[in-house]
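Below is one structure, written out as structure tokens; the observations come after it.
The values are calculated or read from the model by the stated rules, or taken from the named source; none is laboratory data. Computed from a predicted structure; not experimentally measured. Heads up, the Cβs are rebuilt from the backbone with ideal geometry, glycines too, and the neighbour counts pull from every protein chain shown.
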Amino acid sequence: MSLAYKVSAWNRSRKWNLFLKQFSLSKELRVLDVGFSESEYSVTDNYIEKHYPYPENLTALGVDAPTRFTKRYPLVTAVQYDGKRFPFGDKEFDIGWSNAVIEHVGEHDDQLLFLKEIKRVCKRAFITTPNRYFPVETHTRTPFLHYLPKNLFDMYLCRVGQEWATKDYMHLLSRGDIKKLLSLAGITDYSIHENKMLGFTLDFVLTFPRRSPSA
């Protein structure tokens, strides 16, 4: 396993442990995974499906047809959608989980809709996203150049053969960006946890509301 995948596995493990500390899991809870992966490239993909103790109460939402996904996780309910409004009722789920997805859904308005929809269908949410200002861009392993305006960073990626990571593949967020999106989405009761690596914030874990509505 490469160093990058080892770091990813370590970081996803600590995010999972934080999730377990913040939520008391039980067979009664209905959980939504927003953004499943049809194709898996490492053992860390579809992390919640691999670790959630009650897969029969887990629903996975994604933009791809869940053909291989369903074969891997037959007890999980998989739902395909168009990437816009979630095909669920208000507060249908107790917990919404979304690991490193919001940076891939499109530009500002798409990210705002994403948050609003999670807020609408889930009583509580646990959302993670990489920090734009971590020194290394985690998808392309590029140091510092992702600090540039997106159009310039995309030009660089095209020149080095990483065109797959351009355009709407990712719109990275800073802490300030996240807070602005939360405000526009009408989310005021939240917490933002910073996962550190070598003294830098590697990614953010956003939880809202901070406490269970029944607490």
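Values computed for the structure shown
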| quantity | calculated |
| --- | --- |
| Condition met for Phe144 (of a type outside the set (S, T, N, Q) and surrounded by 19 or more Cβ atoms within 10 Å (Cβ to Cβ)) | no |
| Pair list, Cβ under 7 Å, 6 or more apart: segment 138-160 residue under 17 Å from His104 (Cβ atoms), other residue modelled with pLDDT of 95 or more and aromatic (Phe, Trp, Tyr) | His146/Phe153 |
| Subset of segment 9-29 that is in contact (Cβ under 8 Å) with a residue 40 or more places away in the chain and within 16 Å of the chain's Cα centre (by Cα) - its residue that is surrounded by the fewest Cβ atoms within 10 Å (Cβ to Cβ) | Arg14 |
| Val43 at pLDDT 95 or above, surrounded by 13 or more Cβ atoms within 10 Å (Cβ to Cβ) and on the phi < 0 side of the Ramachandran plot | no |
| Residue list for segment 58-80, restricted to those being closer than 13 Å to Glu38 by Cβ and among the hydroxyl-bearing types (Ser, Thr, Tyr) | Thr67, Thr70, Tyr73 |
| Among the candidates His171, His139, residue that is of a type outside the set (Val, Ile, Thr), under 22 Å from Tyr5 (Cβ atoms), within 14 Å of the chain's Cα centre (by Cα) and assigned to a loop (DSSP other than H, G, I, E, B) | His139 |
| Extreme residue, surrounded by the fewest Cβ atoms within 10 Å (Cβ to Cβ), among residues of segment 71-102 that are in contact with a helix residue (DSSP H, G or I) (Cβ under 8 Å, 6 or more places away or on another chain) and of a type in the set (D, E, K, R) | Asp90 |
| Every residue from segment 124-141 that is under 21 Å from Leu112 (Cα atoms) and surrounded by fewer than 16 Cβ atoms within 10 Å (Cβ to Cβ) | Tyr133 |
| Ile118 vs. criteria closer than 22 Å to Thr59 by Cβ, part of a helix (DSSP H, G or I) and among the β-branched types (Val, Ile, Thr) | yes |
| Tally of residues being closer than 25 Å to Ser24 by Cα and in contact with a Lys or Arg (Cβ under 8 Å, 6 or more places away or on another chain) across segment 121-156 | 5 |
| Check on Gln111, under 29 Å from Lys167 (Cα atoms) and either without any contact (Cβ under 8 Å) to a residue 24 or more places away in the chain or not assigned by TED's automatic domain parsing to the domain that holds Glu194 (or both) | no |
| Thr201, sole failed condition from (1) loosely packed, with under 15 Cβ neighbours inside 10 Å; (2) in contact with an Asp or Glu (Cβ under 9 Å, 6 or more places away or on another chain); (3) of a type in the set (Ser, Thr, Tyr) | (1) |
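Okay, residues lined up against (1) at pLDDT 95 or above; (2) surrounded by fewer than 18 Cβ atoms within 10 Å (Cβ to Cβ); (3) in contact with a helix residue (DSSP H, G or I) (Cβ under 8 Å, 6 or more places away or on another chain); (4) not in a helix (DSSP H, G or I):
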| residue | (1), (2), (3), (4) |
| --- | --- |
| Asn151 | yes, yes, no, no |
| Tyr156 | yes, yes, yes, no |
| Gly161 | yes, yes, no, yes |
| Leu181 | yes, no, yes, no |
| Ile187 | yes, no, yes, yes |
| His193 | yes, yes, yes, yes |
| Leu206 | yes, no, yes, yes |
| Ser212 | no, yes, no, yes |
| Ala215 | no, yes, no, yes |
